[in-house]
Amino acid sequence: METIKNNLEVINEKIKKAALKANRNPQEIKLVAVTKTATIEQIKEAISAGVKIIGENKVQEAKEKYQILSADIEWHLVGHLQTNKVKYAIEIFDLIHSVDSIKLAKEIDRRSLQFGMITNVLVEVNVSGEETKYGIKSEEVEPFLKEISEFSRIKVRGLMTIAPIAEDKEEVRPYFRKLRELSKEIKSKNIKNVKMDYLSMGMTDDFEVAIEEGANMVRIGRGIFGFH
């Protein structure tokens, strides 16, 4: 039963090293423990070992876990969100990492108004341009943000990306760097209702490079729970 605790210790040590290498404060980096196929027992073990943010890929699975786990944790949606699941998502999640269309943003805004709340979101950017990935193109981010900044019930808190799978971690560095530069550029435009608090990038195989390039939120599942 010690494996999750041990895995977390290893991950936290790597986060610390990567942050220090980039002259950054390790405390600024938020670890999102992605629990897609983890059992309730495993998640409880992770929470008792210090996990404060749970990341889920699917709304349905999160709904089931959310009802059982009453611990004081944050819930993040890290997977793709369909518009017909928005009403459930905004009740559960503190942050949605994957806003990638005006249609989805409109629905989040509409449902948030219904519930009398404001929903925090990240905009998903397809930095690599891969056909198989969700997210909007880098050059479309600014006009997209200007459009959704008009929605009163959505608060954009930053950007998210998923890098291509690569044998050599160095191959993904340019993608992370590009997102960081994009974030800086957006910040300088001072778009109302849009903040660049978070750069959510980096997963089990590449989070150290992501941190070196400016990530302050990393999404790790396999490295903690050992699933595939």
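Data overview
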{"item": "Considering residues of segment 96-120 that are assigned to a strand (DSSP E or B) and either modelled with pLDDT under 95 or in contact with a Lys or Arg (Cβ under 7 Å, 6 or more places away or on another chain) (or both) only, the residue surrounded by the fewest Cβ atoms within 10 Å (Cβ to Cβ)", "result": "Asn120"}
{"item": "Boolean, Glu2 is charged (D, E, K, R) and at pLDDT below 95", "result": "yes"}
{"item": "Hey, Glu142 surrounded by 14 or more Cβ atoms within 10 Å (Cβ to Cβ), at pLDDT 95 or above, touching a helix residue (DSSP H, G or I) at 6+ places or on another chain (Cβ under 6 Å) and more than 23 Å from Val32 (Cβ to Cβ) or not", "result": "no"}
{"item": "Filtered residue count, segment 205-228, keeping only those that are surrounded by 16 or more Cβ atoms within 10 Å (Cβ to Cβ) and more than 15 Å from Ile54 (Cα to Cα)", "result": "12"}
{"item": "Residue within segment 17-26 that is in contact with a Leu (Cβ under 6 Å, 6 or more places away or on another chain) and either in a helix (DSSP H, G or I) or among the small types (Gly, Ala, Ser) (or both) present", "result": "no"}
{"item": "Residues satisfying the stated conditions in segment 53-81, i.e. assigned to a loop (DSSP other than H, G, I, E, B), without any contact (Cβ under 8 Å) to a residue 60 or more places away in the chain and either within 14 Å of the chain's Cα centre (by Cα) or exposed (fewer than 14 other Cβ atoms within 10 Å of the Cβ) (or both)", "result": "Asn57, Lys58, Ser70, Ala71, Asp72, Gly79, His80, Leu81"}
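The values are calculated or read from the model by the stated rules, or taken from the named source; none is laboratory data. Keep in mind that this is a model prediction, so the values were computed, not measured. Glycine gets a Cβ as well: all are built from the backbone with ideal geometry, and neighbour counts include every protein chain shown.
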